[in-house]
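Beneath this line is the structure, given in structure tokens, with notes to follow.
FYI, it's all coordinate maths here, none of it is from the lab. Note that the structure is predicted; figures quoted are calculated from it, not measured. Cβ: placed from backbone, ideal geometry, glycine included. Neighbour counts: every protein chain shown.
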Amino acid sequence: MSKVLSAQKQRGSVSSDLYSRANEEWSRGRLRSAFRLFLAAAENGDGLAYDTLGNFYDRGMGTKRDEDAALYWYRRAYRRGSFMAPNNIGVIYRDRKDLKRALAWFRRAVARKDANANLNIAKIYLKDKQDIERAIRHLEEVCEAKVDDATESAKEEARLLLKRISLRPKSRTTRLRAL
């Protein structure tokens, strides 16, 4: 085996060991220690640590909350194939009121089979874009998603939003067309 491959294997085992230790610290509630270990794992090339670091920075767990650092780690996770990272990036942009970027990232999440992102898209169409037709399509996607692609809470929220939409009084022109 070449020296390069040997070094890569050793580095991989070090990063997975760091990641395991970080998870243990996290489960014990030692967030500062967990954060440092996840950072060390990420710096050693552990792709799983990228998503986790993004989450820690995003929520301010074990470190100061820093959206820009969260975006950095989520983007690295995205480039490594994470299906959760694009939705998380979209949420940050949505919260910053950059809806164009948020929608672009939510669509990337949907392309990676994260049906929860459809719920975020639907909420933008309901609240900011006032496009109920598109919102309904995205809410239906959440409801019809496979178990692995959408959380049960996302499905429940989508069902409730669809129910609220169906209970809304129709506009006068819509009522006239129905007659």
Give a residue-ordered list of calculated ³J(HN,Hα) values for the range 153-161 (Karplus: 6.51 cos²θ - 1.76 cosθ + 1.60, θ = phi - 60°; whole Hz; x for Gly, Pro). 5, 5, 5, 5, 5, 5, 4, 5, 5
What trypsin sites (Lys or Arg not before Pro) does the range 53-95 have in DSSP loop regions with at most 11 other beta carbons within 10 Å? K64
Mean projected area, convex hull of alpha-carbon positions in the range 12-82, reported to one decimal in nm², is 4.0
Identify the residues of the range 44-76 with backbone N under 19 Å of a label point that sits 7 angstrom from the Cα of K97 along the Cα-to-Cβ direction, or state none. 67-68
Only four residue types carry charge here, +1 at the Cβ of Lys and Arg and -1 at the Cβ of Asp and Glu. Report the dipole size of the chain about the Cα centre in Debye, rounded to the nearest 20. 700
Hey, got a sec? Which chymotrypsin sites (Phe, Trp or Tyr not before Pro) in the range 79-126 land in a DSSP loop and have at most 15 other Cβ atoms within 10 Å? none
Summing -39500 (n - 2.57) over every DSSP H run of at least 4 in the chain, dividing by its residue total and rounding to the nearest 500, the 222 nm mean residue ellipticity is -24500 deg cm²/dmol
What do you get for the angle between helix 85-95 and the principal long axis of the chain? Use alpha-carbon atoms, 0 to 90 degrees, nearest ten. 60
Report the percentage of all Cα-Cα pairs in the range 103-170 whose separation exceeds 19 Å, rounded to a whole percent. 25
Whole-number Å³ per residue for the convex hull built on Cα positions in the chain: 143
J(HN,Hα) series, the range 58-68, from Karplus relation 6.51 cos²θ - 1.76 cosθ + 1.60, nearest Hz, glycine and proline x: 4, 9, x, 9, x, 7, 5, 4, 8, 4, 5
By how many degrees, 0 to 90 and rounded to 10, does the Cα axis of helix 116-127 deviate from the longest principal axis of the chain? 40
For the range 97-111, take each phi angle, set θ = phi - 60°, evaluate the Karplus expression 6.51 cos²θ - 1.76 cosθ + 1.60, and give the result in whole Hz per residue in order, putting x for glycine and proline. 6, 9, 5, 4, 5, 4, 4, 4, 6, 4, 5, 5, 5, 4, 4
Between D131 and K146, the two model label points (7 Å from Cα along the beta-carbon direction) sit apart by a distance in nm of 2.8
Relative contact order [Cα under 8 Å, 6+ residues apart], the chain, whole percent: 10
